[in-house]
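Please read the structure below before turning to the comments.
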Amino acid sequence: MTRVFVPRDAAALALGAEAVATRLAAAGAQVVRTGSRGMFWLEPMVEVETPAGRIAYGPVRAADVDGLVAAGMLTGGAHPLRRGRPEDIPFLAGQTRFTFARCGVVDPTSLDDYCAAGGLKGLRRALEIGPAATISEVTASGLRGRGGAGFPTGIKWKTAADAVAGRKFIVANADEGDSGTFADRMLMEGDPFALIEGMAIAGLAVGATKGFVYTRSEYPHAIAAFERALSAARAGGLLGTDVLGSGMAFDIEQRVGAGAYICGEETSLLDSLEGRRGQVRAKPPLPAIKGLFGQPTVINNVITLASVPFILAEGAAAYHGVGYGRSRGTMPIQLAGNIRHAGLFEAGFGLTLGEIVEDLGAGTATGRPVRAVQVGGPLGAYFPPALFDTVFDYESFAARDGLIGHGGVVVFDDTVDMLAQARFAMEFCAAESCGKCTPCRIGSVRGMEVIDRVLAGRDVDANLELLRDLCETMKFGSLCALGGFIPYPVMSALVHFPEDFRRPALAAE
Amino acid sequence: MGAHAPWNADRAASVIAGLQDREGAALPILHALQEEFGYVPAEAIPLVAAALNLTRAEVHGIATFYHEFRRTPPGRHVLHLCRAEACQAMGADRLHAAARRRLGIGWHETTADGAVSLEPVFCLGLCAVAPSGMLDGAPLGRLDAAGLDAALEGTR
C-alpha cells in the first residue's frame, strides 16, 4: 500500500487536513501523519512516497482527493496540484534547516523514525564527551536565546552547572505568545523528540534530573503531540532513570499555562510553574542561580533547546559557520499576517528585511503594497519599506530601535491604520501586564487614554509629547520586557508613520 | 464539546486530591476543575486553599490572574477568535464585528440559548493562516464570514 504523508500541524488542520487524511485512507492509501514543512499557502500539502522520492500535492481539499487519486496521485501522477519533490520547491530549497530538518518529514510519534533521521546523535555524543565539553561545545557554537533576549546559551548553562545545589531544573519555555510566531508549536507538533533530546543534553550538562515544559493552553495540539512523544521517549529509554543506558536520570513533565502572555517572561513563568500568579521577579538573582523552587534552573526557549542536538551531533563549527556578525547559526523566520508565502523559513542570520518580505514572502496576500512590517511580536517595532535594508540579526534590529524577538514577521498592507496599531499595543500591555511594576500597569492605561485624545484630535502636539515622555518612562522604568518594550511598536508607529497621528479631526482644534 | 458535570463538592475534592501532591499544584488543579465543571466554581476555591495550605484569597488571586480560567459556566460551544496583530493584518477586526452581530453577543458573553460563548484570544499560533479561530478546540484558518457561518452551523 502506498504511504502518503498528511500534516497534523494545527495550521494544516485549520485548513482541513483531517478531512483530507480521512478521504485518502478511504481511497486505500496508508496515511502517515507528520508535522508541517511550513509552506502554508500549499497546506494541506500531501506527500506521496514513490520510487523517485516523495512527491508533493497542494493545497489539497478533501473534495480534491478523489480526482487526485483518479489522476494517479498515489504513483506520483500528473495533476495541476502536483508540486514535485518538496525539497525542490524554491521556498524549501533556499533554507538551511538545522533545527527543522525533520519537521514535516518524520512521524512525530515514532522514536524509531526520529533515530533513523539522525536523532539522538547529539545526546549520544554529549554522553560520550561529558558535561564540561558539552557546555564548551554549546558556547563555541555561539547559540543565543531564541526566545528573543539573545543571551548566550553556553554562559547560562555554565552558570547553572557551577551552582551547587541538591536539585537543578531544566525548563523549556513553550509559552509562545507573540503574534506572528509559531515555530515552537510547529516543532512540538512536528519533531517533539528534538526538544526532548535538547533538554536531556541540558540536564546532563548542568546536572539536572528533572525538566519542565511550560506550554501555553492555546496550543492543545502541541500539548497532545508532546505528551505522546514523552510517552514514547519513556518507553524507548530516552527518558527515565537510565537515559540511553548511561546511568543518568532525566525525566520531563509538561505543564500547561492558562492564557497569560506575561508567563512567556522567564521569571513569571517560574512563578506560574510554582503554582502562583505569573508575576515578574526582580533580577538578580538569575534563574540559573536561584530559579524554580529556589534551585538553579536553566530556562530556555523551545527553539534554543531544540537547536542543541544539531550542535552536538555536527559540531559547534558547523553551527557557528552560518550567521551574521554576533548572531550565529540559524533562525526560524516566521512569515505571517498579510503575506502571500506565509510560513516558516529557517536560515542563517543575515537576510535583509526586504529579502524576507518581498523575495521569500512574495509580497502581500491581498496584492496591495506593503506599508508596515512588525518584527518580533507585539513588543516589536513597525518597520516601513524605507527600512527594508535592515539586516535580520539581533544587533542590526536593536540599532534601529527594534528587535527580532522570537522571529515573527507580520506584514500589513496600505490599509493599516498605524494610530490604531499604536493604541492596540497599549491596550494589549494593559490587558497582559502582571501588575507588579507601576510604569507597565499604570503607564499602559494612561497610554491608551493619551492615544485616544490624539485620535479625537485634542491637543495633538501636547499629547504626542506626553506619549513620548510616557514611553521613555515605561522603557527605562519597567521591571521586564513587557512594559519595557511596548514603547517599540508605539514609538515606531509615531516616528515612521507620523501622518496617521494627524487626523482630519485635527480641524476641530 | 464534552458535556460538563454540574457542581459536586465530592467530585471536586477527589479531583483536587489526585493532584495536590504535585509540586506547584495550583494550575494543574484549576485546569482539572475547569475540565470537569467547565469553569472554576467559586465553591471550589476554599477546597483548593485547604488542600494546598493557602488562603482563599491567594487561590482566588491565582484563579483570577489567568484569562483562561472561567468563573461562570460556558455555553455548549466555545468560539475563540484571535485578536492579535497577524490576524488584524488580515481583517480580523471586521470579521469579529460581524461575528458579534451574528451571535448577538459581545466578548466573554454567551448566547441567550446557551449555545455559544465568544472568547477573544491573543494568538493561537495560526498566524500563517490568518484570521484564525478555534471552535471547541478545533482550529479554524483563513476565516471569513461564510467560513464562520459554516463552522457555527453545527452549534445550534
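Overview of values
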quantity: For the range B:83-102 and the range A:331-385, distance of Cα centres in Å; calculated: 21 Å
quantity: Under 5 Å, built H, 5+ apart or other chain: amide partners of A:Ile252; calculated: A:Gly211
quantity: Nearest-20 debye value, the range A:418-508 charge dipole, Cβ charges on Lys, Arg, Asp, Glu; calculated: 160 debye
quantity: Other-chain or far-sequence residues with amide H under 5 Å of A:Tyr324's (modelled H); calculated: A:Gly329, A:Phe349
quantity: Separation of the A:Ala386 and A:Arg503 label points, Cα + 7 Å toward Cβ, nm; calculated: 2.4 nm
quantity: Beta bridges per DSSP with both ends in the range A:3-93, % antiparallel, nearest 5; calculated: 65 percent
quantity: Selected from A:Thr109, A:Trp41, B:Gly75, residue furthest toward positive end of dipole (the protein assembly as shown; charges at beta carbon); calculated: A:Thr109
quantity: Kirkwood Rh, angstrom, chain A [1 / mean 1/r, Cα pairs]; calculated: 23.7 Å
quantity: Percent RCO, i.e. relative contact order, over the range A:418-508, from Cα pairs under 8 Å lying at least 6 residues apart; calculated: 38 percent
quantity: Top of B:Asp136, B:Asp93, B:Asp113 by mean-square fluctuation, Gaussian network on chain B, Cα under 10 Å; calculated: B:Asp113
quantity: Percent of beta bridges antiparallel (DSSP, the protein assembly as shown, rounded to nearest 5); calculated: 50 percent
quantity: Residue order, fewest to most surrounding Cβ atoms within 10 angstrom, among A:Lys121, A:Lys158; calculated: A:Lys121, A:Lys158
quantity: Which of A:Val416, A:Val213 has the fewest Cβ neighbours within 10 Å, and the rest in rising order; calculated: A:Val416, A:Val213
quantity: Antiparallel DSSP beta bridges within chain B, percent to nearest 5; calculated: 55 percent
quantity: Over chain A: helical MRE at 222 nm, DSSP H runs n ≥ 4 each giving -39500 (n - 2.57), nearest 500; calculated: -11500 deg cm²/dmol
quantity: Footprinting exposure proxy for B:His96, B:His60, A:His406, A:His320 (fewest neighbouring C-beta atoms within 10 Å first); calculated: A:His320, B:His60, B:His96, A:His406
quantity: Charge dipole (debye, nearest 20) of the protein assembly as shown; +1 at Cβ of Lys and Arg, -1 at Cβ of Asp and Glu; calculated: 580 debye
quantity: The protein assembly as shown: Lys pairs at Cα distance under 13 angstrom, eight or more positions apart or on different chains; calculated: 4
quantity: Relative contact order for the range B:9-65, counting Cα pairs under 8 Å that sit 6 or more residues apart, in percent; calculated: 33 percent
quantity: Distance in nm between pseudo-label sites at A:Arg124 and A:Ala52 (7 Å out along the Cβ direction from Cα); calculated: 3.4 nm
quantity: Mean separation of Cα contacts under 8 Å, 6 or more apart, over the residue count of chain A: relative contact order %; calculated: 13 percent
quantity: A:Val322 versus A:Asp459: modelled label distance in nm, points set 7 Å from Cα along the beta carbon direction; calculated: 5.4 nm
quantity: Centroid-to-centroid separation of the range A:405-434 and the range A:248-268 [C-alpha atoms, Å]; calculated: 25 Å
quantity: Lys/Arg +1, Asp/Glu -1 at C-beta; chain A dipole; positive extreme among A:Gly343, A:Gly166, A:Phe392; calculated: A:Gly166
quantity: Long-range HN-HN contacts of A:Thr366 with modeled amide H, under 5 Å; calculated: none
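Every number here is computed from the coordinates shown, using simple stated rules; none is lab data. Nothing here was measured: the structure is a model prediction, and the numbers come from that model. Note that each Cβ is placed from the backbone with ideal geometry, even for glycine, and that neighbours are counted across all protein chains shown.
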